[in-house]
Amino acid sequence: MRQLEILLAVSLVSAACSLLGPFLILRKMSMMIDSITHTILLGIVIAFFITKDLTSPLLIIGAGLVGIFTVFLTELINQKTTLHEDSSIGLVFPFLFSIAIILISKFLRGVHLDVDSVLVGEVAFSIIPRIEFFGYEMSKVIFVMAVIFIIDLVFIGVFFKELKISTFDKNLSIISGFTPVVIYYALMSLVSVTTVGAFNAVGSILVISYMVVPSATAYLLTHDLKKMIFISVFIGVLSSVLGFYAAYLYDLSIAGTIAVINGMIFFLVFIFEPRNGIIRKIINEKRKRNEFAEVTMMLHLINHENTDREYTECNIQNINEHLCYAKNKFEKVLKDILNKDFVYIENDIIKVTENGRKKTLNKFNEWLSLIHIWRCRR
């Protein structure tokens, strides 16, 4: 039963984080998550000074408010100075996080609130606090993350159009009659609340992994926003299940193992994705090189056919001297264009077929059009 609760807890955390992750990836704000997951510690510390109770719900409120303040301060520095957003994050995040560390080390040494547990987390212990819900006893973290997941899901469902438009085109969102700033801060408020609820269970490192990695993986697989959200949630839950059982079998850190599985899934997609994966890109680059070599040889043959130099320029024995191809490359290119019925050999002269002439000139004109478009864009 305890194992099932742990699995349910990490699955809810992953689902809640992965719902919001795609919007942060598309807005190029993934590093903001790293900032928020650290600076909310300051909110927890300040709220604890007020309540003197680590179980108080005010800790979540304090952490959420500091998360929103982190976003506001970062945006303020970004807008009022010439610094880019990454520089603003680099200023705000260490400043607020360091204040929290100083306060903990100076005033809270006897309290069970240390930096390591916040960063790494311990899922197995997070399910111990219990609450009663309609007469049923359940883990507090499961209840909290279930509520946060539902809130995130409802928010995305209700404001999906506004989120989509403000993410891709802020000017269009203004013309459409709503303020993108309101949607932005509403989204970042949910990110802060989700982060607060999540890092209590899994630590800030895994929260960053859940927010960023499944969404980045989904982005490699699709550019459709709805599909991206669904795939992101699926990958997040899948990595939670695989990571939990791997940690259980080999006696490893649950949070660390899940983060590693998250990364492994990303790199598998990065390498093997059928359209833009590394292997596909290598194959495409090889195909393009072969295609360029074929077109170059075909243009050479077309340029010299039916001329006085045809015998010397198109002779199978010495054409390679004019093209400057390596012997094995020349043999491969010649074999390929023969198999495609682009050329035929007659009395040691390579002759171009009508099919070969048509395909070569079409490809060459296509290249010229692309070069023209590229030069116009510059």
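As a quick test, which of the pairs LYS28/LYS288; LYS281/LYS351; LYS329/LYS359; LYS140/LYS226; LYS80/LYS170; LYS327/LYS351 have an alpha carbon distance above 25 angstrom in this structure? Pairs exceeding the cut-off: LYS28/LYS288; LYS281/LYS351; LYS140/LYS226. Peptide packing: for 32-43, 321-332, 56-67, the average count of neighbouring Cβ atoms within 10 Å per residue gives the ranking 32-43, 56-67, 321-332, highest mean first. Between the Cα long axis of helix 225-250 and the first principal axis of the chain there is an angle of about 70°, rounded to the nearest 10.
Ellipsoid fit via the Cα gyration tensor, the chain: semi-axes of 59, 24, 19 Å, each the root of five times an eigenvalue, largest first. Counted over the range 1-84 with a bin width of 10 Å, the fraction of Cα pairs per bin, in whole percents, is 16, 32, 35, 15, 2, 0. Entry comment: accessible area of the chain is 56 Å² per residue, from protein heavy atoms only and a probe of 1.4 Å. Extension gain for the segment LEU172 to THR222, taken as residue separation times 0.36 nm less the Cα-Cα distance, is 15.7 nm to one decimal. The value obtained for the range 254-294, namely the Cα convex hull volume divided by the number of residues, is 41 Å³ per residue. Against the empirical curve 2.2 N^0.38 Å, the C-alpha radius of gyration of the range 306-378 lands at a ratio of 1.34. Normalising by residue count, the range 174-221 has a Cα convex hull of 83 Å³ per residue.
Across 10 Å bins from the origin, how do the percents of Cα pairs in the range 223-313 run, short distances first? Spelled out bin by bin, the range 223-313 gives 15, 23, 19, 14, 10, 9, 7, 2 percent. Please report, to two decimal places, log10 I(q)/I(0) for the range 223-377 at q = 0.13, 0.17 Å⁻¹ as given by the Debye formula with identical point scatterers on the Cα atoms and no solvent. Normalising to I(0) and taking log10 leaves -0.74, -1.00.
Highest average first, the peptides 254-267, 169-182, 133-146 ordered by how many other beta carbon atoms sit within 10 Å of their residues are 254-267, 133-146, 169-182. For the range 7-111, carbon and sulfur atoms together expose 70% of the accessible surface, with a 1.4 angstrom probe and every protein chain in place.
Evaluated on the range 158-315, the Kirkwood hydrodynamic radius is 19.9 Å, with distances taken between all distinct Cα atoms.
Over all other residues within a Cβ to Cβ distance under 14 Å of PHE72, the charged ones net out to -1, with Lys and Arg as +1 and Asp and Glu as -1. Each residue of the range 208-223 was assigned a 3J(HN,Hα) from its phi angle through the Karplus curve 6.51 cos²θ - 1.76 cosθ + 1.60 (θ = phi - 60°); the sequence is 4, 4, 5, 6, 9, 5, x, 5, 5, 5, 4, 5, 5, 8, 7, 10 Hz, with glycine and proline shown as x. Here the sum of -39500 (n - 2.57) over DSSP H runs of 4 or more residues, divided by the residues of the chain, equals -26500 deg cm²/dmol at 222 nm, to the nearest 500.
The values are calculated or read from the model by the stated rules, or taken from the named source; none is laboratory data. What you are looking at is a predicted structure, and each value in this text was computed from that prediction instead of being measured. Note: ideal-geometry Cβ built from the backbone for every residue, glycine included; neighbour counts use all protein chains shown. Heavy atoms of the whole protein, side chains included, go into the accessibility calculation; ligands, DNA and RNA do not. Shrake-Rupley method; radii C 1.70, N 1.55, O 1.52, S 1.80 Å.
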